[in-house]
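Participant: Have a look at this one before I ask anything.
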Amino acid sequence: MVIIMKSRENDFEDIEPIEFYKLANELNEIKKDLNSTNASINRTIYMRIYYAVFLFLREWMKKFTDYQSWPKGEHKRLAKYIRFHGPFDNETNEIIYRKLIRLKKLRNQSDYKLEVPEKNSPKYNRWDFTSINEAFQIAEDIVIPFKGLQTN
């Protein structure tokens, strides 16, 4: 049975993107002690990793570039903006773009694909089986260069 409680004002507060990353990391560390399925926990971890990176990049780009944020199509738009107008050389911008798209694919699989495709099927061959640890590494590979620019 699900009990629906009315949202209270103190249920929401300002949050930094890093908090989503910390939550993903904590879930990964304690998942064996939780009563939820591994699939639901792992999918939540992928989602939180992606959103931590996406929100960090969005806020960074708004602060340090002329990037304009608006909701419709923002995930694609932000990735393309980094690809073509990012703060690094073209090769690095392209690498960051591809890594962000990979995390987004993991997030989309986690959010929308309830069933893993059958082995050897065309859909299976397009499925991204990146491990959670690798997803954390991809996130760091994206964020660390941007943080390095903040200190310069």
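Throughout, read-outs are computed from the coordinates displayed, never taken from laboratory work. What you see is a predicted model, and the numbers here were worked out from it, not measured in a lab. Glycine also receives a Cβ, built like all others from the backbone with ideal geometry; neighbour counts cover every protein chain displayed.
Participant: Which residue out of R98, R107 is basic (K, R) and under 12 Å from the mean Cα position of the chain (by Cα)?
Facilitator: Unique residue meeting the criteria: R107.
Participant: Among the residues of region 9-29, how many are free of Cβ contacts under 8 Å to residues at least 60 places away in the same chain, in a helix (DSSP H, G or I) and surrounded by 12 or more Cβ atoms within 10 Å (Cβ to Cβ)?
Facilitator: 7
Participant: In region 106-152, which residues are of a type in the set (D, E, K, R) and farther than 24 Å from F56 by Cα?
Facilitator: K113, E115, E118, K119, K123, R126 - these are the residues of region 106-152 that are of a type in the set (D, E, K, R) and farther than 24 Å from F56 by Cα.
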